[in-house]
C-alpha cells in the first residue's frame, strides 16, 4: 500500500531504493468459459445385422479393422438364391429371344399386334423377376453402409442367424459428436460456431478442440439446462464413443490487456496498480478498472496500456514517486526496448 502523510509526523521516508519485481502489461486472447461434462458419440453408428435367416458362410473382417463403405463384412449361404437367380436369368434370355422373333413375324403381318404386346409384357415380367432374385441373393451378403471401424465379431462361420442378429458394430469416428448440457442462464450466448475444448481421463495431457454445431430447441424443465452438441475432429481415432469428457465452452473471445493478479493493490473498493518507470526507476500509482479473472491473471479494461511495467512483488509500503530497484530487469529489458520503439 502507498503511505500517506498524517498528523505531525509527516510522510514516512524510505531509506534507499525498494527492491521490486515487475511484469509487462500484455495483450492476450481472453474469453469466458463455461464448464460441463459431455459424452462422446460416433459421427455415424450402427449395429450390423443380418437381413435374412441362414448359415454364415464367410466372414471378411478382423476385429477393430477400418473398412470402407460397401466393403463385404460377412456372407450368408446363398446356394438356393443363386440357383433361383440363374433360373430367372435363363428365363429372361428366353423371353428376350421370343420377343425378337415375335417382332420379325409382326413386320411380315404373320401375327397380330396383341401377340407382340403379350410378349413384351412377358419380357418385362422376366426382368422384374431377375431384379427380385438379385435382391434376395444380395440380402445374403452383408456390407458396410458407411466407412468406419468395426467392433468385435458377434458370430462365427457356420452359425445360424436370423433377421436382426448382430454380426458386429460399425462406427464412423473420423469425427465425433460431443453432447453436453449447459444451464439455461447461458442460453443467450449459445450458438453454432462457438469453439469448445475438451479433456478426458484417458489422455490427461491432451486438449481436444471442436465447434458447437447445434443447440437444442428445448430447455429441460427438470434440470433447467439445454443440450448442446459439438463436433471434434478425430482423425487419430483416439476418442471413442461413450467416453466422458470435461468440456469448456468458450464464449465472448476477445483481445484484452492482462496483468498478474498479484500486481493489484485494492483500496476503498477501488483497484490500483503501481507502474514502474524503467528510465527514472520510480513508482507511480494509477487506478485501473478490471474485468474477468483467470488463474493468476486479471483482465484490465482501463488505466493501463500494452507494454507498461507494473510492480508484481514488493508493493507493501511503497510510496508514490519512491525510488525502486528492479530485480528482474534482465528479463524485462527486451519488453521495455520494444515498447520504446515507435512503429515505422
Once the Cβ-Cβ distance between residue 191 and residue 65 is put in as r, and R0 is 56 Å, what FRET efficiency do you end up with, to the nearest 0.05?
0.90
Taking R0 as 30 Å, what FRET efficiency do you get between residue 236 and residue 153 from their Cβ-Cβ distance, rounded to the nearest 0.05?
0.75
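Compute the relative contact order of the range 101-241 as a whole-number percentage, counting only Cα pairs closer than 8 Å that sit 6 or more residues apart in sequence.
Working: 158 pairs, mean separation 28.5, N = 141.
So the answer I get is 20 percent.
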Quote to one decimal, in nm, the extra length available between residue 218 and residue 57 on full extension: 0.36 nm per residue of separation minus the C-alpha distance between them.
53.1 nm
What is the helix-to-structure angle for 113-138, meaning the angle in degrees between its Cα long axis and the longest Cα principal axis of the chain, kept from 0 to 90 and rounded to the nearest 10?
50 degrees
Sequence-separation-based contact order of the chain, relative, with Cα cut under 8 Å and 6+ spacing, percent:
29 percent
How far is it, in nm, from the label point at residue 83 to the one at residue 128 when both lie 7 Å from their Cα along the line to the Cβ?
2.6 nm
Over 15 Å [Cα-Cα, the range 78-139], rounded percent
53 percent
Using only the Cα atoms of the range 55-187, each taken as one equal point scatterer with no solvent, compute I(q) by the Debye sum, divide by I(0), and report log10 of the ratio at q = 0.14, 0.22 Å⁻¹.
-0.78, -1.19
From the C-alpha coordinates alone, can you work out the Kirkwood hydrodynamic radius of the chain, in Å?
28.0 Å
So if each residue of separation counts as 0.36 nm, and I subtract the Cα-Cα distance between residue 33 and residue 207, what length gain in nm does that give?
61.2 nm
Ranking request for peptides 143-150, 79-86: highest mean number of other beta-carbon atoms within 10 Å first, then the rest in descending order.
143-150, 79-86
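Going by average Cβ density within 10 Å per residue, which order do the peptides 155-163, 224-232 take, highest to lowest?
Per-residue Cβ counts within 10 Å, averaged per peptide and sorted highest first, yield 224-232, 155-163.
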Once both label points are put 7 Å beyond Cα along the C-beta direction, the residue 330-residue 108 separation in nm becomes 11.3 nm
Compute the long axis of helix 79-107 from its Cα atoms, compare it with the longest principal axis of the Cα atoms of the chain, and write down the angle in degrees, 0 to 90, nearest 10.
60 degrees
Run the simple label-point estimate for residue 267 and residue 136 please: 7 Å along Cα→C-beta, distance reported in nm.
9.6 nm
Enter the angle in degrees (range 0 to 90, nearest 10) between the Cα long axis of helix 329-340 and the first principal axis of the Cα atoms of the chain, meaning the one along which they spread out most.
80 degrees
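We did not get these values from a lab; they are worked out from the coordinates using the rules stated. Note that the structure is a prediction, hence the values are computed from the model and not measured. Note: ideal-geometry Cβ built from the backbone for every residue, glycine included; neighbour counts use all protein chains shown.
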